[in-house]
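Trainee: What follows is a single structure, and I will ask about it in a moment.
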Amino acid sequence: MEQKPFEMPKPCSRFSLRPFRSDDLDDLHRLFTDPGIRRYLFDDVELPRSQTEEILAESARLFAEKGFGLWAPAEHRTSRILGFCGYWFFFEPPELQLLYGIDPAFWGRGYAAEAAAELIRYGHEQLDMDRIIAATDVPNTASIKVMEKLGMVFHKRAVVDGKDTVWYRHDRN
């Protein structure tokens, strides 16, 4: 199957999405080590800066080879990075999943849903994905609300690495 040319997601109403770059290391590491974000994304483990560098390098490789990775939602007015979103491999065996995280200073403003909605569209239209999967720990009710707001439906529930986890899916219409 021939790969479609890489196209950027459409700008959202309040921000644009662009791939993270190596010069975004400080911003991404700040987000990854924030207690509110790492609580569910990294099981409350504070990543060393070197691991964030590895994630940025892997994201660049994935963009070059597959057209996906980690996107930076950057505010139109200030270019401030509001969080991260994208597609990433999780669990064993690796499963490609939608993920998103917003700087706690911007929680409750709909940024996660707005970015994730554009990435769902991008996943279906640009990446030709029939089904988009996202998972979270059961106590992460804010993320579950975002998935439900996006029209994602419950897919399954299981214990993974001792964590009660739920998966939601969005099927192409």
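Trainee: Hey, could you check the stretch 1-48 for residues that are in a helix (DSSP H, G or I) and surrounded by fewer than 12 Cβ atoms within 10 Å (Cβ to Cβ) and say which is modelled with the highest pLDDT?
Mentor: At the first step, the residues of the stretch 1-48 found to be in a helix (DSSP H, G or I) are 22-33, 35-41.
Cutting the leftovers down to surrounded by fewer than 12 Cβ atoms within 10 Å (Cβ to Cβ) gives us 22-23, 26, 35.
On the way: 22: 93, 23: 94, 26: 97, 35: 93.
Applying the filter and picking the extreme gives 26.
Trainee: Working only within the stretch 50-82, note down all residues that are modelled with pLDDT of 95 or more, loosely packed, with under 13 Cβ neighbours inside 10 Å and more than 21 Å from residue 122 (Cβ to Cβ).
Mentor: Result: 50, 54, 57.
Trainee: Can you find, within the stretch 72-130, the residue that is farthest from residue 34 (Cα to Cα) among those that are of a type in the set (Gly, Ala, Ser) and out of contact with any strand residue (DSSP E or B) (no Cβ under 8 Å at 6 or more places or on another chain)? Quick ask: steps written out before the conclusion?
Mentor: Here is the first cut: in the stretch 72-130, the residues of a type in the set (Gly, Ala, Ser) are 72, 74, 79, 83, 86, 101, 105, 108, 110, 112-113, 115-117, 123.
Pick out the ones that are also out of contact with any strand residue (DSSP E or B) (no Cβ under 8 Å at 6 or more places or on another chain) and you get 79, 105, 108, 110, 113, 117.
Values: 79: 20, 105: 11, 108: 17, 110: 19, 113: 20, 117: 24 Å.
Only one residue tops the list, namely 117.
Trainee: Counting only residues that are among the small types (Gly, Ala, Ser) and in a loop (DSSP other than H, G, I, E, B), which one in the stretch 67-86 is farthest from residue 24 (Cα to Cα)? Explain how you work it out, then say what you get.
Mentor: We begin by selecting, within the stretch 67-86, every residue among the small types (Gly, Ala, Ser); these are 67, 69, 72, 74, 79, 83, 86.
Adding the requirement that they be in a loop (DSSP other than H, G, I, E, B) leaves 67, 69, 79.
Working: 67: 19, 69: 14, 79: 12 Å.
Top of the filtered list is 67.
Trainee: Right, another one. Go through the stretch 60-83 and give me each residue that's more than 13 Å from residue 112 (Cα to Cα) and among the hydrophobic types (A, V, I, L, M, F, W, C).
Mentor: 60, 62, 63, 64, 68, 70
Trainee: Just to check your reading of the model, which residue among 155, 124 is in a helix (DSSP H, G or I) and in contact (Cβ under 8 Å) with a residue 12 or more places away in the chain? Spell out how you get there, then give the answer.
Mentor: Values: 155 fails: in a helix (DSSP H, G or I).
Being in a helix (DSSP H, G or I) and in contact (Cβ under 8 Å) with a residue 12 or more places away in the chain holds for just one of 155, 124, which is 124.
Trainee: Another question, if that's okay. Considering the stretch 109-121 alone, what residues qualify as being in contact (Cβ under 8 Å) with a residue 24 or more places away in the chain and either hydroxyl-bearing (Ser, Thr, Tyr) or in a loop (DSSP other than H, G, I, E, B) (or both)? Full working, then the answer.
Mentor: So the first thing to find is which residues in the stretch 109-121 are in contact (Cβ under 8 Å) with a residue 24 or more places away in the chain, and the list is 111-121.
Of everything in the stretch 109-121, just one residue is in contact (Cβ under 8 Å) with a residue 24 or more places away in the chain and either hydroxyl-bearing (Ser, Thr, Tyr) or in a loop (DSSP other than H, G, I, E, B) (or both), namely 111.
The values are calculated or read from the model by the stated rules, or taken from the named source; none is laboratory data. Source: prediction; values computed, not measured. Here Cβ is always computed from backbone atoms with ideal geometry, including for glycine, and neighbour counts include all displayed protein chains.
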